[in-house]
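See below for the structure under consideration.
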Amino acid sequence: LAKTTQPISMDSYEGQEVNITCSHNNIATNDYITWYQQFPSQGPRFIIQGYKTKVTNEVASLFIPADRKSSTLSLPRVSLSDTAVYYCLVGDMDTGRRALTFGSGTRLQVQP
Amino acid sequence: GAVVSQHPSRVICKSGTSVKIECRSLDFQATTMFWYRQFPKQSLMLMATSNEGSKATYEQGVEKDKFLINHASLTLSTLTVTSAHPEDSSFYICSVRTGRLNQPQHFGDGTRLSIL
């Protein structure tokens, strides 16, 4: 399983763009990159998933370079409610019989 | 809407009690469900993979007789913490994957277990 490395914590202010980068040097050909958000005492919530290049949805963008050894989650204009832990996971999106493995995550603190 | 329903959300009980946690897949049939445990300020750790109609697969270091998993139907998996002790106090989270290609893993809202 590909190991991921993220910054332990980040600080930002409301309205700013936040970019969280994750390293996954030994990502496999079949692996997808998935990001989750977790608030205290809640389960992780799916944010975005991608394989290569750029993916954008209504809440975030995911940038993946050609070598796929890293990825960057971009949150366009953060608010106080975006304060949470963000996890980058790498795993084979096959039939779903194997669980994703969590790394340490990045604790994002958004200040007013 | 929610894809995974987990119940109860919080349990407080005395040492020696057995506690059952239910995980339901709401939108699809889940042949495989996963159970994680999370201690304060730490990441999620996979405990076991629950397979419908067969025995669960446990991660190294997780006692199968302590954490009984039953996956009797395609929409329900249960985790029973037997004879719970204070060190079993944790946040337990279930998860499902749809079985369709390239679909993300969905998580329940977790169960906070506190053993007195």
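The values are calculated or read from the model by the stated rules, or taken from the named source; none is laboratory data. Computed from a prediction, not measured in an experiment: that's the story for all the values here. Glycine also receives a Cβ, built like all others from the backbone with ideal geometry; neighbour counts cover every protein chain displayed.
A few points about this structure:
- Checked against the criterion of being more than 14 Å from every other protein chain (Cβ to nearest Cβ), within 14 Å of the chain's Cα centre (by Cα) and touching a residue at least 12 places away in the same chain (Cβ under 8 Å), the range A:93-109 contains one or more residues that satisfy it.
- Subset tally (residues that are exposed (fewer than 14 other Cβ atoms within 10 Å of the Cβ) and among the hydrophobic types (A, V, I, L, M, F, W, C)) for the range B:34-45: 1
- Residues that are farther than 29 Å from B:G16 by Cβ and of a type in the set (A, V, I, L, M), drawn from the range B:67-108: B:L74, B:V96, B:L101
- Meets criteria (of a type in the set (D, E) and farther than 21 Å from B:L46 by Cα) for A:D92: no
- Scanning the range B:101-108 finds no residues that are more than 17 Å from A:A99 (Cβ to Cβ) and either crowded, with 16+ Cβ neighbours inside 10 Å or free of Cβ contacts under 8 Å to residues at least 24 places away in the same chain (or both).
- Checking each residue in the range A:8-25 for being over 23 Å from B:Y36 (Cβ atoms) and either in contact (Cβ under 8 Å) with a residue 60 or more places away in the chain or facing another protein chain (nearest Cβ under 10 Å) (or both) picks out A:M10, A:D11, A:S12, A:Y13, A:E14, A:G15, A:Q16, A:E17, A:V18.
- The range B:39-75, subset assigned to a strand (DSSP E or B) and hydroxyl-bearing (S, T, Y), residue nearest to the other protein chains (Cβ to nearest Cβ): B:T49
- Figure legend. Inter-residue proximity from the range A:26-42: first residues more than 9 Å from every other protein chain (Cβ to nearest Cβ), second residues assigned to a strand (DSSP E or B) and acidic (D, E), beta-carbon distance below 6 Å, spacing 6+ or different chains. Indicated pairs: A:N30/A:D92; A:D31/A:D92.
- In the range B:76-116, residue nearest to the other protein chains (Cβ to nearest Cβ) [restricted to those that are charged (D, E, K, R) and assigned to a loop (DSSP other than H, G, I, E, B)]: B:R97
- Among the criteria (1) of a type in the set (V, I, T); (2) surrounded by 17 or more Cβ atoms within 10 Å (Cβ to Cβ); (3) more than 13 Å from chain A (Cβ to nearest Cβ), the one B:T31 does not fulfil is (3).
- Residue satisfying all of: in the range B:11-65; touching a Pro at 6+ places or on another chain (Cβ under 8 Å) and of a type in the set (A, V, I, L, M); modelled with the lowest pLDDT among these: B:L44
- Subset of the range A:53-68 that is surrounded by 14 or more Cβ atoms within 10 Å (Cβ to Cβ) and assigned to a loop (DSSP other than H, G, I, E, B) - its residue that is nearest to the other protein chains (Cβ to nearest Cβ): A:A60
- Unmet criterion (only one of (1) out of contact with any strand residue (DSSP E or B) (no Cβ under 8 Å at 6 or more places or on another chain); (2) part of a strand (DSSP E or B)) for B:D27: (2)
- Entry remark, the range B:69-100: residues being buried (at least 20 other Cβ atoms within 10 Å of the Cβ), over 14 Å from B:R112 (Cα atoms) and under 15 Å from the mean Cα position of the chain (by Cα) number 6 in total.
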